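A quick write-up on the structure given underneath.
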Amino acid sequence: MRRPTSWAEALSVRAAAPDLLPIAGGTDVMVELNFDRRRPPGLLDLTRVPELATWTVFDGTVELGAGVTYAQVVADLGDLLPGLATASRTVGSPQIRNRGTVGGNLGSASPAGDAHPPLLAAGAVVELESVHGRRSVPVSEFFIGVKRSVLEPDELIRSVRVPCATGPEQFSKVGTRNAMVIAVASFALRVDPGRRRVGTGIGSAAPTPRTAPEAETFLAREIEAADAWASRDPLPAPVVRRFAELVAAAASPIDDVRGSASYRRHALTVMATRTLGWAWDEYRQGVPA
Amino acid sequence: MKVTCMVNGEERVADGVWAGESLLYVLRERLGLPGSKNACEQGECGSCTVYLDGLPVCSCLVAAGQAEGRVVVTVEGLSEGERLHPVQEAFVAAGAVQCGFCTPGLVVAAHDLLERDPDPSEADIREALAGNLCRCTGYEKIIEAVHVAARRRLPEGRREVG
């Protein structure tokens, strides 16, 4: 096991030994090792890299170190990133949230990762780095397949940059119980009056987490047309219905042990309707800008 | 690989550790601390819960080498010699121990809750213990045990009657 104590050292270890499996909170990696699904030549422990364990706010954007745990997100970021904090609250159990990290969730790139829908809805950008340099990849372009991402063998995830919320954010997840659930389907919504846009994120209903771009454009256009950013009037039922249809249409779910494709589509319609209802109610009750 | 960490207040050294080995394995098989139980090995059941640098975690999901230089407290570290910790006493008093396999993890999780919140609501207790499974399904008694432990810890004036 290599245990770098700075970001520069982590990058040089990564470059010299790309076969080492990076590990942060271990909540995915250790399961693979415990069940003999993977036998890497060694591990690259990232829990001692101080640069990864912190978050900063600059110019309306949270730069969230890849090693920040879900428990820290819940404790500290509920105001700036309510969607991510809500999703983090649904992760595993207290024990898992104390270890699991947002960066690790991205690294695992599971279609069911709970952090992904709110990051997508927020238009977040993943910061990747190797000894050769740094690059920024929008979360919507980060995932390329089931548990696959654009991360190169010599790269590590440094952070994710998330624009701060300017309005309500909601997250909804369907599972068999409240705790310890891998999402059957999940959905995140950002109502962003500051940027006059709507953000969406779909989880567990396609090979990768993805946005619903047509739903986003449709709703933002309807809100604009009705001058509802300013008036905060209720959204007409047909608009909400159409938004939910467009969200479900953006998914390409499969039948698996956790649920059928048609159930997932139905669940997305319901979650899109509910989250929009909650978010818009919250916006209506907010103090007008 | 050699791993050195503070376990229950003592510096302990485990030698010959494989890089992918879990902290749970080191505690049970190398350091003679079988209190933390090995069941699901995937963070689902909570029976291996220990404190790592003051936070409850599943020790099956901590790579042993990640514990180097860290502070670990297991269920064995909560009691004082033969005297049970009040949380453990409450589990006995409330009849919350059936087969006992899940008990160590639940005791650590309940201990952590009461350290953070001396007077938790029922919902708080359920949330705090959501990562611990009891195969005997004795959850009602377990939740009652946490209430009992909380009542015993609270100053007289704040104790509920009955």
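The values are calculated or read from the model by the stated rules, or taken from the named source; none is laboratory data. None of these values were measured; they are calculated from a predicted model. So basically every Cβ, Gly included, is an ideal-geometry build from the backbone, and we count neighbours across all protein chains shown.
What to note about this one:
- Helices (runs of 4 or more DSSP H) completely within the stretch A:223-288 that count 3 or more residues being buried (at least 19 other Cβ atoms within 10 Å of the Cβ): A:237-250, A:261-285
- Every residue from the stretch A:74-104 that is more than 18 Å from residue A:49 (Cβ to Cβ) and hydrophobic (A, V, I, L, M, F, W, C): A:74, A:75, A:77, A:80, A:81, A:84, A:85, A:87, A:91, A:96
- Residue-level check: of (1) of a type in the set (Val, Ile, Thr); (2) within 14 Å of chain B (Cβ to nearest Cβ); (3) closer than 23 Å to residue A:136 by Cβ, residue A:56 misses just (2).
So that you can scan it fast, the table gives a plain yes or no per residue for (1) away from chain B (no Cβ under 14 Å); (2) in contact (Cβ under 8 Å) with a residue 40 or more places away in the chain; (3) not charged (D, E, K, R):
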site	(1), (2), (3)
A:81	yes, yes, yes
A:85	yes, no, yes
A:89	no, no, no
A:92	no, yes, yes
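- The single condition among (1) surrounded by 22 or more Cβ atoms within 10 Å (Cβ to Cβ); (2) touching an Asp or Glu at 6+ places or on another chain (Cβ under 9 Å); (3) facing another protein chain (nearest Cβ under 9 Å); (4) not polar (S, T, N, Q) that residue B:55 does not satisfy is (1).
- First in the stretch A:94-111 and within 14 Å of chain B (Cβ to nearest Cβ) and touching a residue at least 60 places away in the same chain (Cβ under 8 Å), second anywhere and surrounded by fewer than 24 Cβ atoms within 10 Å (Cβ to Cβ) and among the acidic types (Asp, Glu), Cβ under 6 Å, 6 or more apart: A:108/A:28
- Strands (runs of 3 or more DSSP E) fully within the stretch A:1-85 that include at least 3 residues being under 28 Å from residue A:164 (Cβ atoms) and out of contact with any His (no Cβ under 8 Å at 6 or more places or on another chain): A:55-58, A:61-65.
- Meets criteria (among the acidic types (Asp, Glu), in contact (Cβ under 8 Å) with a residue 24 or more places away in the chain, within 12 Å of chain A (Cβ to nearest Cβ) and farther than 24 Å from residue B:150 by Cβ) for residue B:68: yes
Conditions (1) more than 14 Å from every other protein chain (Cβ to nearest Cβ); (2) basic (Lys, Arg); (3) buried (at least 16 other Cβ atoms within 10 Å of the Cβ), marked per residue:
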residue: B:64; (1), (2), (3): no, no, yes
residue: B:76; (1), (2), (3): yes, no, yes
residue: B:86; (1), (2), (3): yes, no, yes
residue: B:89; (1), (2), (3): yes, no, yes
residue: B:92; (1), (2), (3): yes, no, no
residue: B:98; (1), (2), (3): yes, no, no
residue: B:101; (1), (2), (3): yes, no, yes
residue: B:107; (1), (2), (3): no, no, yes
residue: B:112; (1), (2), (3): no, no, yes
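- Residues of the stretch B:63-80 that turn out to be in a strand (DSSP E or B) and among the charged types (D, E, K, R), as a count: 1
- Scanning the stretch A:136-168 for residues that are closer than 23 Å to residue A:13 by Cα, out of contact with any Phe, Trp or Tyr (no Cβ under 7 Å at 6 or more places or on another chain) and either among the β-branched types (Val, Ile, Thr) or in the same structural domain as residue A:254 (by TED's automatic domain parsing) (or both) yields a count of 3.
- Residues that are at the interface with chain B (Cβ under 7 Å from one of its Cβ atoms) and free of Cβ contacts under 8 Å to residues at least 24 places away in the same chain were ranked within the stretch A:24-34; the one that is surrounded by the most Cβ atoms within 10 Å (Cβ to Cβ) is A:30.
- Filtered residues of the stretch B:128-146 (kept if within 14 Å of another protein chain (Cβ to nearest Cβ), assigned to a loop (DSSP other than H, G, I, E, B) and more than 15 Å from residue A:93 (Cα to Cα)): B:137
- Residue ID - farthest from residue B:105 (Cα to Cα), chosen from residues in the stretch B:18-39 that are part of a loop (DSSP other than H, G, I, E, B) and either within 9 Å of chain A (Cβ to nearest Cβ) or polar (S, T, N, Q) (or both): B:19
- Matching residues, the stretch B:98-125, being free of Cβ contacts under 8 Å to residues at least 24 places away in the same chain and not in a helix (DSSP H, G or I): B:100, B:117, B:121
- Among the residues here, residue A:195 qualifies as surrounded by fewer than 24 Cβ atoms within 10 Å (Cβ to Cβ) and under 28 Å from residue A:57 (Cα atoms).
- Count - residues of the stretch A:116-125 that are buried (at least 24 other Cβ atoms within 10 Å of the Cβ) and without any contact (Cβ under 8 Å) to a residue 40 or more places away in the chain: 1
- Residues of the stretch B:40-52 that turn out to be at the interface with chain A (Cβ under 7 Å from one of its Cβ atoms) and either part of a loop (DSSP other than H, G, I, E, B) or of a type outside the set (Val, Ile, Thr) (or both), as a count: 5
- Of all the criteria given as (1) in the same structural domain as residue A:105 (by TED's automatic domain parsing); (2) over 28 Å from residue A:185 (Cα atoms); (3) hydrophobic (A, V, I, L, M, F, W, C), the one not satisfied by residue A:10 is (1).
- All told, residue B:41 meets the bar of being out of contact with any Lys or Arg (no Cβ under 8 Å at 6 or more places or on another chain) and buried (at least 19 other Cβ atoms within 10 Å of the Cβ).
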